[in-house]
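The values are calculated or read from the model by the stated rules, or taken from the named source; none is laboratory data. Predicted, not measured: the structure shown is a model, and the values here were computed from it. Glycine gets a Cβ as well: all are built from the backbone with ideal geometry, and neighbour counts include every protein chain shown. For the accessible areas, the whole protein counts, side chains as well, though only heavy atoms, and no ligand, DNA or RNA atoms are used. Shrake-Rupley method; radii C 1.70, N 1.55, O 1.52, S 1.80 Å.
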Amino acid sequence: MAAEPAALTLRAPVACIVGPTASGKTDLAQAVALALGGEVVSADSMQVYRGMDIGTGKIPLAERLVPHHGLDLVDPGQPFSAALFQRYARDRFREIDARGLRSVLAGGTGFYVRAAIDGYEFPAGEQVDNPVRKRCARIAEQEGAEALWQMLSERDPASAAIIPAADVKRVTRAFELLDEGCSYAEQRARLSTIPQVVPALFVGLAVDPDVLRARIDARVDAMVEAGLVDEVAGLLAQGFREGVTAPQAIGYKEIAAALDGEATLSEAVRRIKVATHRYAKRQRTWFRKDARIRWIDANDDDPGALLDRALVVLAEGAS
C-alpha cells in the first residue's frame, strides 16, 4: 500500500530545521514554532519509541512549550518505517495547517525528512507487516547481522556495498525491495530526482566538526548523569531487549552490554561517543547533498542569535 505522492496545499510552508545530532535543532525548532505560532513534528527514527527518552535526546515533557508530534508512537522493538512516518507527518501537517498554525519539522533522520516532504513512493515491502521482515529478523537473531548482510551481498551486491553490515534495518529493507522487483541502490540513486510535494523551507545548522565533537561528548556524559543507565535497565526489565539492543539504538545497546557484564560503564560511554560521532558524520553527509538547505552558523551558544538567523532564512525563503 503505497503512500500517496500527491502534492499538499498548505497556507504556509513547513519550516524544516535539520542538522546532525547535538547541533541544537530540537531547541531551535521549538523556538521557531513559538516565534511563528506553530507546532513541532519530530523527524527522528528513534524518538518514535516510548520510554527511550534520555538516550534519544527527546525534549522532556515539562520543557515542551508547544505541542510536539512524532514522539512516543510505538514501543521499543515494534517496527516503524519511513513509509509510515510519511503518512503520519503529512497528516500532522494538514491538521496543524487547518488550525491556522505553522508546522515546524525537526529533522535528524534525513530519510524521514525526505519522506515527509518529497514525493517518495514506497513499495508494499516498506510497510512493517511484511513476512520478509520477519524472516530477516529471525536470520539476524540466529546467525548474526553479518550473515544476513552476506546473503544480501550475494543477491544484490550494489545495495550491500552501500549498507553497513551491522545495519539490519536497511539490509532488511533491501530484501523487501528485492521482493518488489526494486533495488535499494537504485532507489538511493533516484533520491535526487524525486520532486518536492510538500511546500517547505529548509534551515540547516552548521557546526564545526571539532565543536560538534565536543558537544556530543558533553551530551553523552549528561545523558549518563541524567539516568541513562536506569532508563536502559528499566526497558530491559519490561522486555524490550530487542529494541534496546537494535543496531541503530545508539546509547542503548552499549549500556545494555555494560549491564550484561560485557563491558564496563566507562567503556560503554566511550563506545557511545564514538558511535555518535560516526552517526553525526553520516547525517552531515546526507544533508549536505540537499541543495535546498540554507545553512546558518550554529557554533555559538546564543539561542536568541540562532533564532534570529533562522527566522531571516525563513522570511527570505517565503518572499
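Please enumerate the residues belonging to the range 249-302 that are under 20 Å from the mean Cα position of the chain (by Cα) and among the acidic types (Asp, Glu).
Scanning the range 249-302 gives Glu254, Asp290.
Contact list please: Cβ distance under 6 Å, first residue in the range 303-319 and on the phi < 0 side of the Ramachandran plot, second residue open to solvent by 80 Å² or more (accessible area, probe 1.4 Å) and not in a helix (DSSP H, G or I), pairs at least six apart or on different chains.
Val313/Arg294
To keep it simple, each residue is scored yes or no on (1) in contact with a Cys (Cβ under 9 Å, 6 or more places away or on another chain); (2) within 10 Å of Val104 (Cβ to Cβ); (3) at pLDDT below 95; (4) assigned to a loop (DSSP other than H, G, I, E, B).
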position: Ala22; (1), (2), (3), (4): no, no, no, yes
position: Thr26; (1), (2), (3), (4): no, no, no, no
position: Ala31; (1), (2), (3), (4): no, yes, no, no
position: Glu39; (1), (2), (3), (4): no, yes, no, no
position: Gly51; (1), (2), (3), (4): no, no, no, yes
position: Gly55; (1), (2), (3), (4): no, no, no, yes
position: Lys58; (1), (2), (3), (4): no, no, no, yes
position: Leu65; (1), (2), (3), (4): no, no, no, yes
position: Asp72; (1), (2), (3), (4): no, no, no, yes
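Just checking, how many residues over the range 279-302 are in a loop (DSSP other than H, G, I, E, B), open to solvent by 40 Å² or more (accessible area, probe 1.4 Å) and touching a residue at least 60 places away in the same chain (Cβ under 8 Å)?
Within the range 279-302, the subset in a loop (DSSP other than H, G, I, E, B) is 289-292, 298-302.
Narrowing the set further to residues that are open to solvent by 40 Å² or more (accessible area, probe 1.4 Å) leaves 289, 291-292, 299-302.
Still in the running and touching a residue at least 60 places away in the same chain (Cβ under 8 Å): 289, 292, 299.
So the count comes out to 3.
List the number of the failed condition for Ala200; all other conditions in (1) of a type in the set (A, V, I, L, M, F, W, C); (2) open to solvent by less than 30 Å² (accessible area, probe 1.4 Å); (3) more than 26 Å from Ala116 (Cα to Cα) hold.
Going through (1) of a type in the set (A, V, I, L, M, F, W, C); (2) open to solvent by less than 30 Å² (accessible area, probe 1.4 Å); (3) more than 26 Å from Ala116 (Cα to Cα) one by one, Ala200 breaks only (3).
Condition first: open to solvent by 10 Å² or more (accessible area, probe 1.4 Å) and either farther than 25 Å from Ala83 by Cα or of a type in the set (S, T, N, Q) (or both). Now tell me which residues in the range 12-41 satisfy that.
Answer for the range 12-41, where residues must be open to solvent by 10 Å² or more (accessible area, probe 1.4 Å) and either farther than 25 Å from Ala83 by Cα or of a type in the set (S, T, N, Q) (or both): Thr21, Ala22, Gly24, Thr26, Asp27, Gln30, Ala31, Leu34, Ala35, Leu36, Gly37.
Within the range 172-197, count every residue that is within 19 Å of the chain's Cα centre (by Cα), buried (at least 17 other Cβ atoms within 10 Å of the Cβ) and not polar (S, T, N, Q).
3
Mind checking which pairs have a first residue in the range 217-246 that is within 23 Å of His277 (Cβ to Cβ) and among the hydroxyl-bearing types (Ser, Thr, Tyr) and a second that is open to solvent by less than 70 Å² (accessible area, probe 1.4 Å) and part of a helix (DSSP H, G or I), Cβ under 6 Å, 6 or more apart or different chains?
Correct list of pairs: Thr245/Lys253; Thr245/Ala256.
Among Arg133, Arg90, Arg102, which is in contact (Cβ under 8 Å) with a residue 40 or more places away in the chain, crowded, with 16+ Cβ neighbours inside 10 Å, touching a Phe, Trp or Tyr at 6+ places or on another chain (Cβ under 9 Å) and of a type in the set (Lys, Arg)?
Sole residue among the options that is in contact (Cβ under 8 Å) with a residue 40 or more places away in the chain, crowded, with 16+ Cβ neighbours inside 10 Å, touching a Phe, Trp or Tyr at 6+ places or on another chain (Cβ under 9 Å) and of a type in the set (Lys, Arg): Arg133.
Go through Glu146, Glu121 for me and flag whichever is part of a helix (DSSP H, G or I), at pLDDT below 95 and of a type outside the set (S, T, N, Q). First the steps, then the outcome.
Values: Glu121 fails: part of a helix (DSSP H, G or I).
Of the residues listed, the single one that is part of a helix (DSSP H, G or I), at pLDDT below 95 and of a type outside the set (S, T, N, Q) is Glu146.
Considering only the range 169-180, state which residues are in contact (Cβ under 8 Å) with a residue 40 or more places away in the chain and either outside any helix (DSSP H, G or I) or of a type outside the set (A, V, I, L, M) (or both).
Lys169, Thr172, Arg173, Phe175, Glu176, Asp179, Glu180
Can you pull out every residue in the range 246-278 that is open to solvent by 70 Å² or more (accessible area, probe 1.4 Å) and outside any loop (DSSP other than H, G, I, E, B)? Outline the logic, then answer.
Applying the first criterion (open to solvent by 70 Å² or more (accessible area, probe 1.4 Å)) to the range 246-278 yields 259-260, 262, 264-266, 270-271, 278.
Across the range 246-278, the qualifying residues are Leu259, Leu265, Ser266, Arg270, Arg271, Arg278.
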